[in-house]
Amino acid sequence: MEQKIKDIIEDLRPLINQDGGDIEFIRYEDNYVFIKLSGACAHCFYQDETLNFGIEAYLKEQIPEIEGVINVEL
């Protein structure tokens, strides 16, 4: 499951990079995907929209058992 999630995140990375940001897979636990947004995406006003309506929606479409995506700050 983790590799499938990582592959999907790698597919999304160029889109995030276009806006000056980056995305990193942290872990998959209890049907939640933990990621870290960095660069321009780390403090962007639209971060919640990117996270919920972009990244989470796409992951849920590809892997229906995912409950959500959580951005963590390390």
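The values are calculated or read from the model by the stated rules, or taken from the named source; none is laboratory data. What you see is a predicted model, and the numbers here were worked out from it, not measured in a lab. All Cβ positions, glycine included, derive from the backbone under ideal geometry; neighbour counts span all protein chains shown.
Descriptive notes on the structure:
- Number of positions in region 7-66 that are touching a residue at least 40 places away in the same chain (Cβ under 8 Å), outside any helix (DSSP H, G or I) and in contact with a Gly (Cβ under 9 Å, 6 or more places away or on another chain): 0
- Complete set of residues in region 2-18 that are β-branched (Val, Ile, Thr) and either modelled with pLDDT under 95 or exposed (fewer than 11 other Cβ atoms within 10 Å of the Cβ) (or both): 16
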